[in-house]
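Contents: one structure, followed by commentary.
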Amino acid sequence: PTMEPNMKHVTNLVNSIIGVSVLAMPFCMKKCGLILGIGLLLGAAWLTNISCNMLVAAAQVKRRRTYEYLAFYTIGGSGKFVVELSMIGLMLGTCVAFYVIIGDLATGILSTMVEGNHQHLRTFVIIFCGLCIALPLGLMKNLSSLSSIGMFSLIFYMSFVCVMFYQAVSNGLLTLTWLYEVELFKPAGIFQCLPIFSLAYACQCQLFVVYDSMEEPSVIRMENIVSSSLKIVSAVYCLVALFGYSVFKGDVQGNVLRNFPQSLLLDIIKFGFALSVVVGFPLMIFPCRQSIYTLFFKPQPVEGIASKTFIEPFTFKAITLSIVLSTMLLAISIPDVETILGLTGATMGSFICFIFPGIIYSKALKD
């Protein structure tokens, strides 16, 4: 019974967590080895769960509904500033990565249908997705309306796992002979994969967006939503990692879809991924827009229980447009997705996801 009303929030949270990272999972297994890799993955999920619970508990004590103001009331102005900068950086980085992935996927499909310069096609796809899809979705006022589209993404991720499973079984997953050809334990790869793993579960920025869209938010309910979401995501990640690595072994690439031979099935998967990633856009734009707003337009929070931050319609549109355009231009000029994910994950990601929740929690409970 607790699941039903929570389902749409779980759907939204799962969508904001699973994104581009799932494609890098088999590659991380190659770098770390299967046993170590899956151990690190589950460890990252556990840490994320703890850090989310800390944030929710602190928000309850301080009666704040946004990450930025929570930081302001626990750490002070400097804390709010760093949270905003990290949030903006992390979300912009993720948006750029989204565009790059969409560019890659859609160009792959289009180049089989239309003749033309690959680079021009990619640029066209990115601009089209930005202006015609990301922008209208980003201008939506409430997240609850997204969960129906989000359901499509969930179904798609599940079917992606099934496709990977089919590939793996038809390549002899169950004979277990592939175990002789794969790395099981390779500590040298930890540093390359940790930022990807920690970013793979990052939902701390979206936590408050989901919390805000709930009719009757409570700590217990929010903790249930977080833990259900993390369980679903961990299952998807571990299965894709296992199946992908067992099929492609040492040849597995940073984006596992590049390993698949050209076929109609691959095109459908690529298309589904591009769509799912597009649905994730507003989930990145929401927190980013809010941080930009509180950073530049509202340095001092209003007293009382600050619930939703109200942004004037013109400012709202202007900020959204600038987020969409700036990330679009960056994506056109940066072709590699691993670079972006690694950089933003290691810097801003660790701040927002692990360092700040701990500080905020200890300060909130001390006061």
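For helix 34-62, report the angle its Cα long axis makes with the longest principal axis of the Cα atoms of the chain; keep it between 0 and 90° and round to the nearest 10°.
Its long axis makes an angle of about 10 degrees.
Quick check on the chain: helices-only [θ] at 222 nm, where DSSP H runs of length 4 and up contribute -39,500 (n - 2.57) each and the sum goes over total residues. Nearest 500, please.
-24000 deg cm²/dmol
What pairs from K62/K141; K80/K366; K186/K363; K80/K141 go past 30 Å between their alpha carbons? Write down the numbers at each step before the final one.
Working: K62/K141 25 Å; K80/K366 18 Å; K186/K363 38 Å; K80/K141 24 Å.
Too far apart for the 30 Å limit: K186/K363.
Could you give the semi-axes, largest first, of the ellipsoid that matches the range 49-205, computed as the square roots of 5 times the alpha carbon gyration tensor eigenvalues and rounded to whole Å? Don't jump to the answer; show the numbers that get you there.
On the way: eigenvalues 243, 144, 61 Å².
Largest first, the range 49-205 gives 35, 27, 17 Å.
Which order, highest average first, do 79-88, 41-50, 311-320, 6-15 follow once you tally other Cβ atoms within 10 Å for each residue and take the mean per peptide? Let's see the in-between values first.
Details: 79-88: 21.1, 41-50: 18.4, 311-320: 15.0, 6-15: 22.9.
Ranked by mean Cβ neighbours within 10 Å, highest first: 6-15, 79-88, 41-50, 311-320.
At q = 0.11, 0.12 Å⁻¹, what is the log10 ratio I(q)/I(0) for the chain, with the Debye formula run over Cα points and no solvent?
-0.73, -0.87
Could you give P(r) for the range 187-281, binned at 10 Å from zero, as whole percent values over all Cα-Cα pairs?
The distribution over the range 187-281 is 12, 34, 33, 17, 5, given as percents.
Every number in this text was worked out from the coordinates using simple rules, so none of it is lab data. This is a predicted model, so every value here is computed, not measured. Quick reminder, even Gly has a Cβ in these numbers, built from the backbone with ideal geometry, and neighbours come from all protein chains shown.
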